[in-house]
Amino acid sequence: MAQSQRSDGKVWIFLCRACLILILAMMGLLAALIIANSFHALWPNRIEQVRMSTGESFLGFPVNADVSPEGLPRLQYKVGNRELNSGADFRWVYERDIESRDYPGVAMLVSRTENGDFLGTLGGPEDNDTGSPAHLLDRLDAYRARWNAEAEPLLRQMATLGEEWQRIHLAALKAGYEAKQASAAATAAEWESKLHFAQERESAIKALSERLMTEFAQVKDGFARESVVLVAEDATRIVLPLSAIVDVSWPNAMNPLEKLGRFAVNIWHLLTRYPREANTEGGIYPALFGTIMLVFLMAISAFPLGVAAGIYLREYAKDGFLPRIARVAVNNLAGVPSIVYGIFGLGFFIYGMGGTIDSLLYPERVAAGINTYGGGGIIWSALTLGLLTLPVVIVATEEALATVPSEIRQGSLALGATRFQTLVRVILPMASPGILTGFILAMARAAGEVAPLMLTGAVKSAHSLPLDGSWPFVHLERKFMHLGFHIYDMGFQSPNVEASKPLVYVTALVLLVLVFVLNFAAISLRKRMREKYAMKGF
């Protein structure tokens, strides 16, 4: 009988171990899938010159392989040159139809501001071009240096004027609104004077802006004359302005060290550049910035409230009907779908609080149909996520406080400390590792949530960041981009899903790395606090 029980126990241990191994294997498989596809998207792949048995040839690099419904192996190539391929970036070919595959060193990959990538070669002397890669790179460097010296100052001036015009325009709206609302003639005249001054200033800014725009158009026309001739595999020549070139490389001519350098450059461009071509190309900087700022705002709004609520329920609330109802409500809120929180945030925070703030502080904008806080923004998204994660923080705080032995409390009180001093100086430091565990779980969940953000402030494209150099520097009312929403948009709403697939994997990897870094920082802090306040039985 005893031997049978021991055998049964070993079976259960084996099943538990098998479940753990299965979970780790699935997690590892998911991570490996994302990392492999991300690496393939960022690594400079060799460009193949594929010759078909029909006599046709094309340049491209393989991105996928499968078996056709007829049971024949086939390969999917990214061929670029969208304007020459009826808008398509990819093509499928049967392996049996491939006659040969070469890797010409002159094959080049050109990232462009529109029409996707171009795969081909440089034009020769007959195209008034030397056909030398070094010559093209020198021309691009000189072009960008001239652009930074001549065009960028004009763009910055126009951006500054645009911000000033926006402020003056809002001041004119306020002056006009107050003049209509004023009951006394003297007050109305004062606001009329402010309105007249604002309108004059607005007209002056508009005139200066138009002059700068005309000057910029002339400078841009001068830059547009600089171009390069590219030759596709079918001998079609394309005249491409240098202004349309984002990046250019010759992957087949690179050695392993050069490819590693290009790989690092691609990662840097991904993290620091803005998206382009309906988010199918370019970088993810605004989405990365918005995600980090959102998590930060969520943390400073939810964590103190959750800890305070947990402290009250555990240390001060008497055992009764209302505390029991509060605990049941908190536990139930932890299971509410996130989209419900999004609907609540839309109704309460945006329409309720945001609309009220606009009515009280900006009635002139409301009268003109302009929403400030009542149209969604990063502050309302952060508060919505804070509400979503509050139950996790509250429960974790209560459980952490419960692990502190009662003898510690009694000893502190016996030495003359007040209840509040005992809580702040003894109990909370010892319970902090457990509280941080709840914070880690809440932060990880908030970083990956998408559904509530779609209703409270996340957008497909945001030209202005919530934090910039314009007064008042922090713009909590602005809409923002988010990595999770960016993945959803590229994967399901993109006009070219196939072209955006590599960027989907890369963005997913960046989101996972961001969550890992945040969790690692919090876990490291928790470990140090646990070592500092370690005690037997804790």
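Tabulated data for the structure shown
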{"item": "Qualifying position, being touching a helix residue (DSSP H, G or I) at 6+ places or on another chain (Cβ under 6 Å), surrounded by fewer than 20 Cβ atoms within 10 Å (Cβ to Cβ) and assigned to a helix (DSSP H, G or I), among 328, 366, 340", "result": "366"}
{"item": "Test: residue in region 213-228 that is under 35 Å from the mean Cα position of the chain (by Cα), surrounded by 14 or more Cβ atoms within 10 Å (Cβ to Cβ), polar (S, T, N, Q) and within 30 Å of residue 249 (Cα to Cα)", "result": "yes"}
{"item": "Flag if residue 268 is open to solvent by 40 Å² or more (accessible area, probe 1.4 Å), at pLDDT 90 or above and of a type in the set (Phe, Trp, Tyr)", "result": "yes"}
{"item": "Flag for residue 88 being part of a loop (DSSP other than H, G, I, E, B), under 23 Å from residue 37 (Cα atoms) and without any contact (Cβ under 8 Å) to a residue 24 or more places away in the chain", "result": "yes"}
{"item": "Close pairs (9 angstrom Cβ cut-off, 6 or more residues apart or separate chains): under 29 Å from residue 267 (Cα atoms) in region 232-249, hydroxyl-bearing (Ser, Thr, Tyr) and open to solvent by 50 Å² or more (accessible area, probe 1.4 Å) anywhere", "result": "243/113; 244/113; 245/113; 246/113"}
{"item": "Whichever residue in region 52-69 is under 35 Å from the mean Cα position of the chain (by Cα) and among the small types (Gly, Ala, Ser) and, among such residues, is farthest from residue 251 (Cα to Cα)", "result": "65"}
{"item": "Tally of residues being of a type outside the set (Asp, Glu), in contact (Cβ under 8 Å) with a residue 60 or more places away in the chain and farther than 16 Å from residue 476 by Cβ across region 342-364", "result": "4"}
{"item": "Restricting region 477-504 to residues that are open to solvent by 40 Å² or more (accessible area, probe 1.4 Å) and of a type in the set (Phe, Trp, Tyr), the residue that is nearest to the chain's Cα centre (by Cα)", "result": "488"}
{"item": "Tabulated pairs, region 464-493, first closer than 19 Å to residue 446 by Cα and in contact (Cβ under 8 Å) with a residue 60 or more places away in the chain, second of a type in the set (D, E, K, R) and open to solvent by less than 50 Å² (accessible area, probe 1.4 Å), C-beta under 7 angstrom, 6+ apart or interchain", "result": "484/449"}
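Residues are listed down the side, and each one gets a yes or a no for (1) open to solvent by 60 Å² or more (accessible area, probe 1.4 Å); (2) at pLDDT 90 or above; (3) more than 36 Å from the chain's Cα centre (by Cα):
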| position | (1), (2), (3) |
| --- | --- |
| 31 | no, yes, no |
| 34 | no, yes, no |
| 46 | yes, yes, no |
| 75 | no, yes, no |
| 100 | no, yes, yes |
| 104 | no, yes, yes |
| 111 | no, yes, no |
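The values are calculated or read from the model by the stated rules, or taken from the named source; none is laboratory data. If you're wondering where the values come from, they're calculated on a predicted model, not measured in any experiment. Every residue, glycine among them, receives a Cβ derived from its backbone with ideal geometry; neighbour counts consider all protein chains shown. Quick note on the areas: whole protein, heavy atoms, side chains included, nothing else; ligands and nucleic acids left out. Shrake-Rupley method; radii C 1.70, N 1.55, O 1.52, S 1.80 Å.
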